[in-house]
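Novice: Before I ask anything, here is the structure I am working with.
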Amino acid sequence: MNSWEPPSFRAGRLQVDYKLINIVIFFKSKKKQLIKISYPN
């Protein structure tokens, strides 16, 4: 398996990873908000 990748491909994949991370963080924070609403302290 070739470990070398074209720079543009690597950059594109990093962008996708970054988007996925942002989506995960967004959903996690939303979940926390929902939990707070569902179970007030």
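Quick note: the coordinates plus some simple rules give every number you see, no bench work behind them. What you see is a predicted model, and the numbers here were worked out from it, not measured in a lab.
Novice: Could you tell me the largest-minus-smallest coordinate of the C-alpha atoms of the chain on each of the three principal axes, in descending order and whole angstroms?
Specialist: The principal-axis extents, from largest down, are 53, 18, 9 Å.
Novice: Quick check: residue separation of Phe9 and Ser38 times 0.36 nm, minus the Cα distance between them. What number comes out in nm?
Specialist: Contour length minus the Cα-Cα distance gives 6.1 nm.
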